[in-house]
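Report on the structure given below.
The numbers here are math on the coordinates, done by the rules we state, and not lab data. No experiment lies behind these values; they were computed from the predicted model shown. Ideal geometry is used to build each Cβ from the backbone, glycine not excepted, and the neighbour counts take in all protein chains shown.
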């Protein structure tokens, strides 16, 4: 959506809301200045509120249909009174044949402009999310960053016959911890997990925060035997008595599950598949 269409949407909003309020002012004046038909106009206004609500809920066809029906019935009513009872049709009555349509017309312009702007904002939000590759809480790259890096590494490994492993670290009782810890405490727990893992891993290994439950992914530049060594080191670091002591009390034990898999180009079809295979290995760590 270009800038021109966005400016048009803002202009539609302005025209719509201005026309709507002018119409409402006209309705109020017609009711309060009427000498004989004030009650009649008030009833018309109350009936008009129904299609207005439908218009606000983005049901324009139903709104226009109800408004058209209202105008038609009112026109028949005024013609009948004029023909049978010789009741004169005043200028205000003629205006009420136009006012309901004007109200809905301008309101629909406003709603359409608002819808276009909301769509633009939603597109921008999705574009921003696609560009964000950093987990804001831990400062680590997120799952999107992981997939981008794994895709590059897979191509590099194929050319250079290197070994890489995908490791996944999960909290053993993440949902239970979420229920007993405050949002702030669980956030600090995630941060502490990331810091412990960063301090434990080698410089060449890459750490990622891939969800909001504290799950970490590690891209290791080693074979399965090397990944086993890393697993033992991480387990020892997470189980250290000093770990998490400033976040949870002694009655709460923070435990982790770790799974890993070595890259095999014949078994791994994509970065996502590589991650899923590692996640499947986590269930065997009991």
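A few points about this structure:
- In the chain, the longest principal axis of the Cα atoms and the axis of helix 60-85 are about 10 degrees apart.
- Helix-derived mean residue ellipticity, 222 nm - over the chain, DSSP H n ≥ 4, -39500 (n - 2.57), to 500: -22000 deg cm²/dmol
- Size descriptors for region 1-151 (Cα atoms only): Rg and Dmax, in that order, 24.3, 86 Å.
- DSSP beta bridges fully contained in the chain are about 95 percent antiparallel.
- With Cα atoms as the point set, the radius of gyration and Dmax of region 143-282 evaluate to 15.4, 51 Å.
- Annotation for region 1-31 versus region 214-234: alpha-carbon center distance of 61 Å.
- Three principal axis extents of the chain based on alpha-carbon atoms, in descending order, are 102, 50, 29 Å.
- Treating r as the C-beta distance of residue 232 and residue 176 and R0 as 25 Å, the FRET efficiency rounds to 0.50.
- Relative contact order, percent, region 3-131 [alpha-carbon distance under 8 Å, six or more residues apart]: 46 percent
- In this calculation the C-beta distance from residue 95 to residue 129 is compared with R0 = 45 Å, giving a FRET efficiency of 0.35.
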